[in-house]
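Trainee: This structure is in structure tokens; I'll ask about it shortly.
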């Protein structure tokens with residue numbers, strides 16, 4: 001992801017073009033661009049430096065609070081949020097980060113309703129001020145309110161950076177011994193709490209803190225440290241929702257709760273936000289407000305922030321830090337193959353798509369590797385996870401069209417002969433309406449590299465990292481090795497690329513599926529890991545190797561019309577063979593029937609043709 005500093009630097013390289021575009025009517029004189037105000041026009045009070053050490057910096061001397069770099073100028077001139085300014089600037093500069101953008105989910109606006117502030121004589125006000133030690137001006141600034149009625153609660157309103165009410169977080173009033181309930185306005189955006197309290201100085205510093213609770217955010221603010229709070233719970237939908245807005249910051253101070261759950265949530269957030277811009281804040285209390293209640297001062301809070309450390313260096317770990325991972329490794333394995341619409345009664349052992357591994361898929365041309373990976377993608381979507389697809393052999397919309405029928409059928413739909421779909425209730429739907437619904441339902445569960453032909457390996461890894469951080473994508477399909485620039489004949493580069501995939505999988509806890517073609521072999525032959533074209537490092541460094549083979553015997557028998565068609569159709573169409581599985585060592589085959597109309601696979605047993613009775617002297621026994 002391009003950082004804010006890099007975007008600002010690129011704008012500075014074209015400072016005069018930016019200044020004249022944003023501030024029409026000004027003039028260039030003596031290394032400066034002069035105009036009347038952020039609204040443009042004639043005048044000399046606003047000056048943009050065009051040359052020298054401070055090129056790109058500007059200030060409106062008539063309005064001293066208006067100053068900064070060209071991104072700040074863009075934000076004020078266009079009257080947009082910092083995130084929107086960055087998005088617009090990147091578009092103007094021609095910067096593209098990551099994969100093709102997925103359709104953004106649409107959320108409801110926050111409902112209008114009366115939300116009175118807590119009264120000094122009320123139980124909520126006493127709890128917030130006397131127990132939680134929050135000052136009245138803090139409650140007023142964050143616009144804390146009360147939900148009256150049968151379920152009284154404290155309301156924490158969540159505003160966008162531009163001041164629009166997006167959502168509300170609720171917390172039941174505390175009762176002795178009772179567990180608190182938390183919730184939000186249903187269907188509204190998972191907005192961070194505290195945007196409206198950030199000053200222009202915060203955006204100029206490019207640094208903000210993110211904590212784990214609204215009361216903690218108000219506590220940090222009371223200590224003089226600008227802070228945002230994630231929504232209720234440990235989910236991470238807020239990362240995608242706030243992605244553009246968080247682009248405005250080069251440094252994110254992560255100050256989650258100091259208990260086990262808080263540390264785990266912090267680790268997950270850091271991976272997605274980018275360890276390069278995160279700093280971890282440790283405090284000698286469970287959370288910030290617990291520190292405030294214990295008497296911690298603003299000076300102590302500033303000291304904790306000054307001692308923030310970068311996330312642990314990747315690749316170094318002590319034995320004492322491996323206890324949790326060792327316990328997880330010793331847990332029973334997940335169910336084989338994990339495709340919910342397939343037969344559940346598979347062997348206890350099988351192929352497991354574990355986190356942090358790379359699976360190599362191979363098979364002769366025309367044997368259905370890509371088609372089977374599309375079916376696997378359907379299964380991944382059913383688990384609620386996102387999937388990244390880099391299929392440089394076909395356009396993204398073509399791949400999407402092949403995935404759609406299998407997904408719809410797995411939901412209970414039926415594909416009619418006329419191309420329409422019947423839903424589970426038997427109602428027929430037009431194909432286009434059905435596909436429109438499918439695309440809308442997919443949302444950000446499918447992310448495509450919108451590339452046909454060849455792709456640079458650095459660009460591909462950049463897309464993958466973006467898809468992981470932005471959309472929490474954990475399954476990556478790369479089809480195929482021969483479509484990655486420079487790899488086809490360069491064996492050392494092939495080994496380096498495989499190592500980079502392994503590093504990516506381990507760092508992100510993702511699973512990477514890579515298609516590699518085999519060397520030429522006789523028609524009908526089934527390739528194994530030893531037959532993969534290219535460097536031996538492909539097979540050696542893969543965690544799993546799976547081959548996809550078409551049943552050519554069945555195809556030829558049907559084509560030649562030699563034999564009982566009914567018996568022939570009982571035979572399987574596709575064989576999936578696990579040739580290598582580093583973790584468990586299990587190898588073996590699975591068999592499938594394939595429906596060519598909707599690209600779906602159904603598990604079956606290997607069909608054994610009845611053996612003819614033995615003969616003796618020309619007669620049957």
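Trainee: What's the number of the condition residue 232 fails, among (1) modelled with pLDDT of 90 or more; (2) touching a helix residue (DSSP H, G or I) at 6+ places or on another chain (Cβ under 9 Å)?
Mentor: For residue 232, the failing item is (1).
Trainee: Suppose the filter is out of contact with any helix residue (DSSP H, G or I) (no Cβ under 7 Å at 6 or more places or on another chain), modelled with pLDDT of 90 or more, in a helix (DSSP H, G or I) and exposed (fewer than 11 other Cβ atoms within 10 Å of the Cβ); does residue 137 pass it?
Mentor: Answer is yes for this residue.
Trainee: A further question on this structure: Could you say whether any residue in the range 196-204 is closer than 26 Å to residue 122 by Cβ and either part of a strand (DSSP E or B) or touching a residue at least 60 places away in the same chain (Cβ under 8 Å) (or both)?
Mentor: Scanning the range 196-204, I find no residue that is closer than 26 Å to residue 122 by Cβ and either part of a strand (DSSP E or B) or touching a residue at least 60 places away in the same chain (Cβ under 8 Å) (or both), so the answer is no.
Trainee: Out of the residues in the range 161-196 meeting the condition of being surrounded by fewer than 20 Cβ atoms within 10 Å (Cβ to Cβ) and in contact with a helix residue (DSSP H, G or I) (Cβ under 6 Å, 6 or more places away or on another chain), tell me which one is modelled with the highest pLDDT.
Mentor: Within the range 161-196, the match that is modelled with the highest pLDDT is 163.
Trainee: Still on this model: Restricting to the range 1-25, count the residues that are modelled with pLDDT under 90, in a helix (DSSP H, G or I) and closer than 17 Å to residue 46 by Cβ.
Mentor: Residues flagged as modelled with pLDDT under 90, in a helix (DSSP H, G or I) and closer than 17 Å to residue 46 by Cβ within the range 1-25 amount to 0.
Trainee: If residue 316 passes every condition in (1) exposed (fewer than 14 other Cβ atoms within 10 Å of the Cβ); (2) modelled with pLDDT under 90; (3) in a helix (DSSP H, G or I) but one, which one does it miss?
Mentor: (3)
Trainee: Residue check: is residue 116 more than 22 Å from residue 288 (Cα to Cα) and surrounded by fewer than 20 Cβ atoms within 10 Å (Cβ to Cβ)?
Mentor: Spelling it out, residue 116 is indeed more than 22 Å from residue 288 (Cα to Cα) and surrounded by fewer than 20 Cβ atoms within 10 Å (Cβ to Cβ).
Trainee: Taking the range 451-481 as the region of interest, how many residues are over 23 Å from residue 380 (Cα atoms) and in contact (Cβ under 8 Å) with a residue 40 or more places away in the chain?
Mentor: Of the residues in that region, 5 qualify.
Trainee: If only one of 487, 514, 493 is farther than 30 Å from residue 244 by Cα, free of Cβ contacts under 8 Å to residues at least 40 places away in the same chain and surrounded by 14 or more Cβ atoms within 10 Å (Cβ to Cβ), which one is it?
Mentor: Answer to the check: 493.
Trainee: Follow-up. Looking for something in contact with a helix residue (DSSP H, G or I) (Cβ under 9 Å, 6 or more places away or on another chain), within 30 Å of residue 450 (Cα to Cα) and crowded, with 18+ Cβ neighbours inside 10 Å - is there at least one such residue anywhere in the range 51-74?
Mentor: Scanning the range 51-74, I find at least one residue that is in contact with a helix residue (DSSP H, G or I) (Cβ under 9 Å, 6 or more places away or on another chain), within 30 Å of residue 450 (Cα to Cα) and crowded, with 18+ Cβ neighbours inside 10 Å, so the answer is yes.
Trainee: Now for a different question. Is the range 120-142 home to any residue that is without any contact (Cβ under 8 Å) to a residue 12 or more places away in the chain, under 21 Å from residue 220 (Cβ atoms) and touching a strand residue (DSSP E or B) at 6+ places or on another chain (Cβ under 7 Å)?
Mentor: no
Trainee: Another question, if that's okay. Residue 228 - would you say it is crowded, with 22+ Cβ neighbours inside 10 Å and touching a strand residue (DSSP E or B) at 6+ places or on another chain (Cβ under 7 Å)?
Mentor: yes
Trainee: If the requirement is being under 27 Å from residue 278 (Cα atoms) and either touching a helix residue (DSSP H, G or I) at 6+ places or on another chain (Cβ under 7 Å) or not in a helix (DSSP H, G or I) (or both), which of these qualifies: 459, 469?
Mentor: From the options 459, 469, the qualifying one is 469.
The values are calculated or read from the model by the stated rules, or taken from the named source; none is laboratory data. Note that the structure is a prediction, hence the values are computed from the model and not measured. Every residue, glycine among them, receives a Cβ derived from its backbone with ideal geometry; neighbour counts consider all protein chains shown.
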